[in-house]
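This report refers to the structure that appears directly beneath it.
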Amino acid sequence: ERCGRAGVGRRAPWNTTPTVTTPTVLTLLLLVLTHTGCQGIDCFKCVSVNGDNPSCEDPFHNNFTVGLMESPCLAGRKGRGGLFPATACIKLAGIYDDTGQSITIRSCALDSGTLTTDTEIIRMSHCGSFYFQQKYVKGCLQSCDDYDGCNGSPPSREVSSTTLPSAIFLLLYFYKIL
């Protein structure tokens, strides 16, 4: 037969302190470090007709084209006024059918989430003939949304200035140092 009060030494379930495990802390830290925010993509913006802007032409070297990076890169949305943060970068390279002049355009674009032509052109790169500025062009339109400046050069990874302080705060908070 047991003696004493029932429940001595036990805590009521509503009066417990949550246990923070290492996997929980590491998961939260990973989320903080990989969070990129909700800002748009930055893209190179330039136009070259018949090679009149060599820094816009291929081969493209971003070392010499720092001034061509548009940040923030804003684009129009069909049927709406104003500009919005871009969701993709584009590069159009082709030849005007009537004059034979070459054209290279690097810019930003916006996926409006619709099935209209303005959105479809940035969802898939393609080559062929198309109508641009009241003229037919034979060439290719390439789109990308992988990283800032993807319409020009290989990626570079930047870390937000708030990432490290946020991660340190979370670690200190969860280990009850703060």
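Within the set SER143, SER112, SER107, the sole residue that is surrounded by 15 or more Cβ atoms within 10 Å (Cβ to Cβ), modelled with pLDDT of 90 or more and in contact with a helix residue (DSSP H, G or I) (Cβ under 7 Å, 6 or more places away or on another chain) turns out to be SER143. On the stretch given as the stretch 49-105, residues that are part of a strand (DSSP E or B) and touching a Ser or Thr at 6+ places or on another chain (Cβ under 9 Å) total 19.
Conditions tested, residue by residue: (1) exposed (fewer than 15 other Cβ atoms within 10 Å of the Cβ); (2) of a type in the set (Gly, Ala, Ser); (3) on the phi < 0 side of the Ramachandran plot; (4) at pLDDT below 90.
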site	(1), (2), (3), (4)
THR34	yes, no, yes, yes
VAL49	yes, no, yes, no
THR65	no, no, yes, yes
LYS78	yes, no, yes, yes
GLY81	yes, yes, yes, yes
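The values are calculated or read from the model by the stated rules, or taken from the named source; none is laboratory data. Remember, predicted model here, so these are calculated numbers, not experimental data. Counting neighbours? That spans all protein chains shown, and the Cβs are built from the backbone with ideal geometry, glycine included.
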